[in-house]
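Participant: Okay, here's the structure, questions in a sec.
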Amino acid sequence: MFYTADRNEHGLAHDPFKAIVSPRPIGWIGSRSRQGRDNLAPYSFFNAVSTKPKIIMFSSDSPKDSLENIAETGVFTANMVSRDLAEKMNLTSASLAHGVSEFEAAGLTPVTGRLVEAPLVGEAYAVLECRMTAIMEPPTLDGAETESRLVFGQVVAIHIKDEAITADGRLDMAGVRPVARMGYRDYCDGGDVFEMKRPG
């Protein structure tokens, strides 16, 4: 099979693009409006982009409360989605009435960050507190505008639950089983862990 991305003539029942770029970690983004309303939303276009300093990013395909809140306040949290929280994460993707809290709808505990004025998921095994460094529009080849916005944040604090740390000082990936998006309606978790060392 071959097709050009602009024509998208793959002949399949569903566009395979998101399945090819997978697994994608889920950025469970916590934010708070200037009026004090908490918001929690999952984004599967999410990843770390730098270690010195620690910077993460997520992409929003359309204007959403997360984007507006972060643009206004300059802060947010990124919460790890473990397998035991997958269903609750999914509930926070629902379109709720304006002002209705995703934390309350999903039965999650909002906790204000220690260094940023944004909510984190109290049940999450790990959380990154972030200060926004940039919101960018990804350019296209022909210079056209896109609806997507890339949000970059520098990590200023990290939370890890004690029970998620192994005796040898690692985050217990097999235990927390972080969830990733596979495309379509498919997900996977990182519980099936194997180790490889780089050559040389």
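Participant: Could you order the peptides 187-199, 60-72 from most to least packed, using the average number of other C-beta atoms within 10 Å per residue? Walk me through the intermediate numbers first.
Facilitator: Values: 187-199: 9.8, 60-72: 16.9.
Ranking the peptides 187-199, 60-72 by packing returns 60-72, 187-199.
Participant: List, in order, the whole-Hz ³J(HN,Hα) value for each residue of region 2-18 obtained from phi through the Karplus relation with A = 6.51, B = -1.76, C = 1.60 and θ = phi - 60°; use x for Gly and Pro.
Facilitator: These are the phi-based 3J(HN,Hα) values: 8, 7, 7, 5, 6, 8, 6, 8, 8, x, 8, 5, 9, 5, x, 3, 5 Hz.
Participant: By the gyration tensor of its Cα atoms, with a ≥ b ≥ c the square roots of the eigenvalues, what is the shape of region 23-185: rounded for a/c under 1.5, prolate for a/b over b/c, or oblate? Walk me through the intermediate numbers first.
Facilitator: Values: a/c = 1.42, a/b = 1.26, b/c = 1.13.
It comes out rounded by the Cα gyration axes.
Participant: Which residues does the label zone of A13 cover in region 168-200, counting backbone N under 15 Å from a point 7 Å along Cα→Cβ?
Facilitator: Correct set: 184-186.
Participant: HN-Hα J couplings of region 188-200 from phi, Karplus 6.51/-1.76/1.60, θ = phi - 60°, integer Hz, Gly and Pro as x?
Facilitator: After applying 6.51 cos²θ - 1.76 cosθ + 1.60, I find 9, 10, x, x, 8, 9, 9, 10, 9, 9, 5, x, x Hz.
Participant: Right, another one. For G113, which sequence-distant residues (separation of 5 or more, or a different chain) have an amide H within less than 5 Å of its own amide H, given hydrogens modelled in the peptide plane?
Facilitator: Residues meeting the criterion, in which the H sits 1.01 Å from N, are A118, L120.
Participant: Could you go through region 167-175 in sequence order and give the Karplus-derived ³J(HN,Hα) for each residue, using 6.51 cos²θ - 1.76 cosθ + 1.60 with θ = phi - 60°, rounded to whole Hz, and x for Gly and Pro?
Facilitator: For region 167-175, the Karplus curve yields 4, 8, x, 10, 5, 6, 5, 5, x Hz.
Participant: Determine, from the Cβ-Cβ distance of S101 and E72 and an R0 of 25 Å, the FRET efficiency 1/(1 + (r/R0)^6), rounded to the nearest 0.05.
Facilitator: Numbers: r = 18 Å, r/R0 = 0.71.
For S101 and E72, the calculated efficiency is 0.90.
Participant: Name the residues whose placed amide hydrogens come within less than 5 Å of the amide hydrogen of Y43, ignoring near sequence neighbours (fewer than 5 apart) on the same chain.
Facilitator: Answer set, sorted by chain and number: G27, W28, I29.
Participant: Give the long-range amide H neighbours of Y184: residues separated by 5 or more places, or on another chain, with amide H under 5 Å away, using H modelled in the peptide plane at 1.01 Å from N.
Facilitator: Those qualifying (amide H under 5 Å, at least 5 residues apart or on another chain) are A19.
All of the numbers you see were taken from the coordinates with simple rules; none came from a lab. Predicted, not measured: the structure shown is a model, and the values here were computed from it. All Cβ positions, glycine included, derive from the backbone under ideal geometry; neighbour counts span all protein chains shown.
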